[in-house]
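Visitor: Have a look at this one.
The values are calculated or read from the model by the stated rules, or taken from the named source; none is laboratory data. None of the values given here were measured: they were computed from a predicted structure. Cβ coordinates were reconstructed from backbone atoms using ideal geometry, including for glycine residues, and neighbour counts include every protein chain displayed.
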Amino acid sequence: MTQRWQRWQRLLRQAIHGEEQDYTRGSIDRAIVLLAVPMILEMAMESLFAVVDAYFVAKIGNEAVATVGLTESVLTLVYSVAIGLSAAATAMVSRRVGQGRRRAAAVAGAQALLVALVLSVLIAVPGGLFARDILHLMASDPAVAETGEAFTRLLLTANLPILLLWMLNGIFRGAGDAVTAMRALWIANGVNLILDPLLIFGWGPFPEMGLLGAGVATTIGRSVGVLYQLWHLFAVGRAVRLHLRFMLRPHWDLVRRLLTIAAGSTGQYLIASSSWIFLIGILGQISTTATAGYTIAIRLMIFTLLPSWGMANAAATLVGQNLGAEQPDRAERSVWRAGFFNMLFMAAVGTLYLFGAPLFIGLFTQDPSTLQSGVLALRIISAGYVFYGYGMILSQAINGAGNTRTPTVLNFICFWLLEAPLAWWLAMELGWKEAGVYYSIVVAESALALALVVVFRRGLWKRTVV
C-alpha cells in the first residue's frame with residue numbers, strides 16, 4: 001500500500017513538473033494521468049478569470065455587473081473562435097508529433113497563429129467601431145451603455161490575447177506539453193488578480209479606473225500569459241519550436257484544414273451555448289426563482305465539470321498522437337480508459353449532489369424558494385452525470401482525431417431537435433415547469449453520449465486526414 005502511494009506521488013510530481021514524455025508507448029493509465037492533471041489545473045485557472053473579475057466588479061455597482069454580463073455574451077463569439085482554433089491546433093500538432101514530424105508540427109502551429117492574427121483583426125474593427133451600439137442594442141437601460149462603453153470597446157478590440165491564450169495552449173496540448181499550458185494560465189491569473197483591485201479602485205499610485213480597470217487588468221494578465229507562451233514556442237522550443245519564417249508564407253492547404261476543423265469545434269460551442277440560452281428563456285417565463293436556482297446549480301456543476309474537461313482534453317491529445325504513430329487501437333483503448341475514469345469521477349460527484357444538494361445550494365442562497373428550485377435543478381441534472389462523463393470524453397476524442405463535423409451534427413440534433421422542443425413541451429405544455437427543463441437536459445445529454453458511443457465504435461474517426 002505504501003509503495004503504491006509513493007508511486008502515485010512520483011507520478012503526480014512528474015505531471016506537475018512536466019517532464020517530456022512519449023505518450024504513444026507504455027502504460028495508458030500513466031499517460032492519462034500525466035496529461036490530465038495539468039490540463040485539469042489549466043481549466044481551473046481559466047474559470048478563475050471570471051470569478052476574480054466578478055468579485056471585484058460587483059463592488060462597483062449594478063450597472064458595472066450588467067455591463068460585464070452583456071460584454072461576456074458578446075465575447076461568446078470570440079471564445080467560440082478561440083476554442084475552435086485551439087481544437088484545430090491540438091488535432092494537427094498532435095498528429096504530426098505522433099508521426100515524429102516535429103518541424104511539420106511547428107509549421108502547423110505557426111499557421112494557426114497566422115490565422116488567429118487575421119481573425120483577431122476581423123473581430124477588432126467592428127467591435128471597436130460599434131461597441132456603444134452593441135450595448136444599446138442589448139440593454140434597455142442607457143446607463144449600462146454609458147458605464148460600459150470603454151470596457152466593451154477595450155475587450156473587443158484587444159481580443160487577440162483571448163484568442164492566442166486558448167489557441168497557443170492548444171499547440172502545447174497537442175505536443176503533449178500540458179504543463180506549459182497550465183503555467184501560462186497561472187501567470188495570467190496571477191497578474192490579473194494583482195492588477196484588478198489596483199486599477200479598479202486606484203490603490204496606491206494607480207489611477208482609479210473603475211470598470212475599465214477590470215478590462216485593462218484582464219487584458220494585461222492575458223497578454224503576459226501569451227508572452228510566456230510565445231517565449232516557450234519561439235525561444236525555448238521544448239515541445240515544438242516555431243520560427244517567424246513559418247508564418248510569413250501561408251500554407252493554404254494547412255490553413256484550409258485548420259479552418260475546417262476549427263469551424264466544426266466553433267459550431268459545437270455555439271450550438272451548446274445557444275441551446276442553454278433558450279432554456280434560460282423558458283425558465284424566465286416560469287419564475288425568477290427558477291432562473292436563480294438554475295443559475296446557482298449550473299455554476300456549481302460547471303466547477304465540478306472542470307476535471308472532466310481536463311480529462312477530455314487529455315483524451316484528444318492521446319488520440320492525435322497515437323493516430324500519428326499509426327497506433328489506432330492504442331488510441332481507442334486510451335479513450336475508453338479515460339472515459340471509464342471520467343465515469344467514476346462523475347458518478348461520485350453525481351451521488352454527492354443527489355444527497356447533498358440542499359447543503360451546496362445553501363452556500364449561495366438562504367431564500368427558501370430559490371433554495372428549493374436550485375436543489376431540484378442540481379438533483380435532476382446530476383442524475384445524468386455518468387452519461388455526461390462518457391459523452392465529453394468521446395466528443396473531444398473525435399475532435400482530437402480532426403473530425404469535428406460529426407460531433408457538431410450530433411450536438412445540433414440532440415440540443416436543438418431534441419432538447420429544446422422537449423423542454424418547451426414538458427415545461428409549458430405538460431405543466432412540469434422547471435422540472436421539465438431539467439429532465440430535457442438529462443435526456444438530450446444522455447442521447448448525445450449514446451450516439452457518440454455508436455459513432456466512436458464504428459471507427460471512421462481513425463481514418464480522418466488532418
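Visitor: Restricting the first residue to segment 327-347 and requiring it to be closer than 19 Å to Gly100 by Cα and among the aliphatic types (A, V, I, L, M), which pairs with a second residue that is in a helix (DSSP H, G or I) and at pLDDT 90 or above meet a Cβ separation below 6 Å and a spacing of at least six or different chains?
Guide: Every condition considered, the pairs that remain are Ala331/Val319; Ala331/Asn322; Ala331/Leu323.
Visitor: It is to be established whether one or more residues within segment 426-437 are under 30 Å from Ala89 (Cβ atoms), of a type outside the set (Ser, Thr, Tyr), outside any helix (DSSP H, G or I) and over 22 Å from the mean Cα position of the chain (by Cα).
Guide: Within segment 426-437 (the criterion being under 30 Å from Ala89 (Cβ atoms), of a type outside the set (Ser, Thr, Tyr), outside any helix (DSSP H, G or I) and over 22 Å from the mean Cα position of the chain (by Cα)), the answer is no, since none of the residues qualifies.
Visitor: Can you tell me which of Ala214, Ala184, Ala178 is crowded, with 24+ Cβ neighbours inside 10 Å and either of a type in the set (Phe, Trp, Tyr) or in contact with a His (Cβ under 9 Å, 6 or more places away or on another chain) (or both)?
Guide: Ala184
Visitor: Given the conditions (1) closer than 30 Å to Gly391 by Cβ; (2) in a helix (DSSP H, G or I), and given that Leu195 satisfies all but one, which numbered condition is not satisfied?
Guide: (1)
Visitor: Shifting gears a bit: For the list (1) farther than 30 Å from Pro368 by Cβ; (2) in contact (Cβ under 8 Å) with a residue 12 or more places away in the chain; (3) in a helix (DSSP H, G or I); (4) not hydroxyl-bearing (Ser, Thr, Tyr), I need the number of the one condition that Ile280 fails.
Guide: (1)
Visitor: Now for a separate question. For segment 81-101, check the following and say yes or no: at least one residue is modelled with pLDDT of 85 or more, surrounded by fewer than 16 Cβ atoms within 10 Å (Cβ to Cβ) and out of contact with any His (no Cβ under 6 Å at 6 or more places or on another chain).
Guide: yes
Visitor: Let me ask something else about it. Which residue pairs have Cβ atoms closer than 7 Å, lie 6 or more positions apart in sequence or on different chains, and pair a first residue in segment 110-133 that is of a type in the set (Lys, Arg) with a second residue that is modelled with pLDDT under 90?
Guide: Arg132/Ala145; Arg132/Glu149
Visitor: From (1) on the phi < 0 side of the Ramachandran plot; (2) surrounded by fewer than 24 Cβ atoms within 10 Å (Cβ to Cβ); (3) in the same structural domain as Gly100 (by TED's automatic domain parsing), pick out the condition that doesn't hold for Gly204.
Guide: (1)
Visitor: Looking at (1) surrounded by 15 or more Cβ atoms within 10 Å (Cβ to Cβ); (2) polar (S, T, N, Q); (3) farther than 30 Å from Lys462 by Cα; (4) out of contact with any Ser or Thr (no Cβ under 8 Å at 6 or more places or on another chain), find the lone condition where Gln366 falls short.
Guide: Gln366 satisfies all of (1) surrounded by 15 or more Cβ atoms within 10 Å (Cβ to Cβ); (2) polar (S, T, N, Q); (3) farther than 30 Å from Lys462 by Cα; (4) out of contact with any Ser or Thr (no Cβ under 8 Å at 6 or more places or on another chain) except (1).
Visitor: May I ask you to say which residue of Leu410, Leu371 is at pLDDT 95 or above and part of a helix (DSSP H, G or I)?
Guide: The match here is Leu410.
Visitor: Tell me which residues, restricted to segment 241-269, are buried (at least 19 other Cβ atoms within 10 Å of the Cβ) and either closer than 30 Å to Phe415 by Cα or under 23 Å from the mean Cα position of the chain (by Cα) (or both).
Guide: The answer is Arg257, Leu258, Ile261, Ala262, Gly264, Ser265, Thr266, Gly267, Gln268, Tyr269.
Visitor: While we're here: Tell me which of these Ser275 doesn't satisfy, since it passes every other one: (1) of a type in the set (S, T, N, Q); (2) crowded, with 18+ Cβ neighbours inside 10 Å; (3) within 29 Å of Ile60 (Cβ to Cβ); (4) not assigned by TED's automatic domain parsing to the domain that holds Ile83.
Guide: (3)
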